[in-house]
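Here the structure comes first, spelled out in structure tokens, and everything after it is commentary.
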Amino acid sequence: MDVLKFIGEHKIVAIARRIDTERLVDAVAAMREGGVKTFEITFDQASSSLETTARSIALLKERYGDTVALGAGTVLNTDQLNAAADSGAQFILAPNTNVSLIEAAKKRGLVAIPGAFTPSEIVTAWEAGADIVKLFPAATFGIPYLKAIRGPINHIPLMAVGGIDETNIKVFLENGCMSGGIGSNLFRADLINGGKWDELSNLSRMFVEAAL
């Protein structure tokens with residue numbers, strides 16, 4: 001699989017945070033049915049989630065193979081990076097720009113998507129080898145800010161994350177982002193905890209259509 005091409009084609013990266021592994025498998029099945037094909041499983045820095053996150057990624061990889069792209073999120077250190085790589089993750093994301101982690105990700109054959117906000121951070125991440133730079137938090141200053149930074153640095157592929165939902169994902173894509181990361185607005189806790197898989201599929205379908 002060409003992971004970069006896959007992310008660019010499918011646009012939406014669904015971000016799973018603090019979801020039980022078994023429910024996560026069912027949620028991914030429902031969202032996949034609705035057309036969402038790229039998933040970020042995050043590490044939780046507030047708890048001991050190394051093994052849990054790695055197990056979730058490995059189980060999803062075993063179950064769905066190359067019909068989805070799987071990544072690890074909130075990767076802040078090499079232990080998390082290596083656990084993600086060993087579990088079958090194809091890309092990693094972070095909320096920040098850490099040059100050494102970008103380099104380590106590339107050595108492990110992972111697509112590196114560090115987080116950045118200012119032009120200096122974005123260029124630093126790109127020059128360190130990032131494949132995509134995660135504009136985070138994207139909705140804080142919104143489209144005017146995105147347009148301003150895209151002027152001088154329109155050669156760097158951006159993923160909008162933070163405050164992205166069905167009402168604004170298309171405008172972010174239309175103004176220079178190649179994809180958008182969506183967390184709790186898509187991984188809806190009420191639907192997942194209630195086992196409302198058809199509703200989750202329909203919600204996923206609505207997000208996919210909103211991005212067109």
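Is it true that residue 56 is free of Cβ contacts under 8 Å to residues at least 24 places away in the same chain, part of a helix (DSSP H, G or I) and more than 22 Å from residue 8 (Cα to Cα)? Answer is no for this residue. If you filter segment 101-117 down to residues that are in a helix (DSSP H, G or I) and within 14 Å of residue 4 (Cβ to Cβ), you find that the one that is nearest to the chain's Cα centre (by Cα) is 105. Being under 22 Å from residue 138 (Cα atoms) and assigned to a helix (DSSP H, G or I) is the filter here; which residues of segment 83-100 pass it? 99, the sole residue that qualifies.
Residue count for segment 31-51 under the criterion of being more than 23 Å from residue 3 (Cβ to Cβ) and not in a loop (DSSP other than H, G, I, E, B): the result is 1. The number of residues in segment 187-208 being out of contact with any helix residue (DSSP H, G or I) (no Cβ under 6 Å at 6 or more places or on another chain), under 11 Å from residue 34 (Cβ atoms) and either buried (at least 16 other Cβ atoms within 10 Å of the Cβ) or at pLDDT below 95 (or both) comes to 3. Residue count for segment 60-75, restricted to those that are touching a residue at least 60 places away in the same chain (Cβ under 8 Å) and surrounded by fewer than 16 Cβ atoms within 10 Å (Cβ to Cβ): 1. Only residues that are under 19 Å from residue 160 (Cβ atoms) and either crowded, with 21+ Cβ neighbours inside 10 Å or among the hydrophobic types (A, V, I, L, M, F, W, C) (or both) were counted across segment 76-100, and they come to 5. Against the test of being closer than 17 Å to residue 15 by Cα and either in a helix (DSSP H, G or I) or without any contact (Cβ under 8 Å) to a residue 24 or more places away in the chain (or both), the options 201, 120, 179, 184 yield a single qualifying residue, 201.
The values are calculated or read from the model by the stated rules, or taken from the named source; none is laboratory data. No experiment lies behind these values; they were computed from the predicted model shown. Here the Cβ is made from the backbone with ideal geometry for all residues, glycine too, and neighbour counts use every protein chain on show.
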